[in-house]
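The values are calculated or read from the model by the stated rules, or taken from the named source; none is laboratory data. Bear in mind the structure is a predicted one, so any value in this text is a computation, not a measurement. A quick note on method: Cβ atoms are made from the backbone with ideal geometry, for glycine too, and the neighbour counts reach across all protein chains shown. Areas reflect the complete protein model, heavy atoms only, side chains present, ligands, DNA and RNA absent. Shrake-Rupley method; radii C 1.70, N 1.55, O 1.52, S 1.80 Å.
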Amino acid sequence: MSNQIKILLSRFLTRFGDQAWDFAIPLVLISLFPGQLQNVAGYYLVSKIAQFFINPIVLRWIDHLPRLRVYQLGIGSQTISVLLTWIIILLFSQNLLLKSESIFWLIYLSLAIVGIVGSLGATLMEISVGYDLAADQIHPNELPVFNSRLKRVDLITEVTAPIFAGVLLMIPQMSGWSIGFSLVAILNFVTFVPEYILLSSIQGIDQKKSLQPSELQSNPIQEFKAGFRYFKDQSYVVPMLAYAFLWLSVLSPHGVLLAGYLKDSGNISELNISIFRGLGAFFGMIPTFLFPVLNKKFGLVKTSKILLGFQTFCVLFGAIAFQWGGQNALIIFLVMILFSRIGLYGFSIAESEARQLYIPASQRGRINGVGVSLTSFATLILFGIGTLLPQSNDFT
């Protein structure tokens, strides 16, 4: 089995489990806290804030620790997070934990902290495998095809895993125990084992230098500032900044704000919204076949500009249709969002290749840490804007 196949297969396994888990958690939380949507939103908001500050420190380990050690930390933290979240939710749902106000906040805080640990581990694995291991193991000429396949794997799991998890969650409870949620947790738990076996079987993955533990100690503010001192070369800074700006968009088929507007003000059914979300992933699949062809013909930079230009046209045309008002205009608006995914996902593939090619091997963790924090900051801005919109009509 080639190294490329091992990386792609490990990615499929872990992403399938993660996507199923990420789909199940908000549904389970809202069932635990009925009528308290702000608690669910707060759970994810706290996670994003923590990732913004802590990710640069965690991702710096990629530059200084042996890869096997990084995988143990990343997969281990995800495993512990899933296990503890599963136990806490099952005990709480079974009334085996006291439900006083103080206990409630203790449980809520525990779930948030455990969720943060799991998110940090998932990000560590995504960056370490996708932007460090792949950059060393895949020949530069093969990166366009590899990155397209990697994005294809992500999109396949984005469509199939939630459906699979949704079917499991429909299993009736037995004596108050959520069999479906337990099966989703076990599924996610089980995928971590073959992921580690596949990655650890790749030859030469441990060619990394190590520093003294004292050299890895830093606080979030210091690490963030230090990361920006290395954030200089425009060959990767420009595409990473551009990618961060693209996260400042509510025009996403799986975005919370757009889904809320379509349901409340657009009077679109949950079924049609779910179809719209699935079509978003389908349209995102198109550039995974298109990008290698364009990249071979035009090169990385020109291909990126073509894809961004196409996305710009789609978004502008969709915005004009949105202002017309009416059901037909809304349909045109949604269709243009779907077509814009071709440009967006195509550019994300190009941005990944720029990171792999141009970020120095000794600084991949630190610089990618800054990139992750930038996209997290963009998400926080959207959350902040969302809190200022008291009604879905304000989506305009």
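For region 41-171, a simple Cβ point-charge model (Lys and Arg +1, Asp and Glu -1, everything else neutral) yields a dipole of about 120 debye relative to the Cα centre. Net charge dipole, the chain: roughly 760 debye, given to the nearest 20, about the Cα centre with Cβ charges of +1 for Lys and Arg and -1 for Asp and Glu. For the cross-link pairs Lys151/Lys305; Lys6/Lys232; Lys48/Lys151; Lys151/Lys263, the ones whose C-alpha atoms lie over 27 Å apart are Lys6/Lys232; Lys151/Lys263. Long hydrophobic helices in the chain, taken as whole DSSP H segments with a C-alpha length of 27 Å or more on their own axis and mean Kyte-Doolittle hydropathy at least 1.6: 101-127, 179-200. Ordering of 59-72, 350-363, 234-247 by packing is 59-72, 350-363, 234-247, highest average first (other Cβ atoms within 10 Å, averaged per residue).
Other residues with beta-carbon under 11 Å from the beta-carbon of Leu150 carry, at +1 per Lys or Arg and -1 per Asp or Glu, a net charge of +2. For the listed peptides 312-319, 133-140, a ranking on the average number of other beta carbons within 10 Å per residue, highest first, reads 133-140, 312-319. For the chain, the orientation-averaged shadow of the C-alpha convex hull comes to 20.1 nm² (one quarter of the hull surface). Accessible surface for the chain, divided over its residues, is 48 Å² per residue with a 1.4 Å probe.
Counting Lys and Arg as +1 and Asp and Glu as -1 over every other residue whose Cβ lies under 12 Å from the Cβ of Arg11, the net charge comes to +1.
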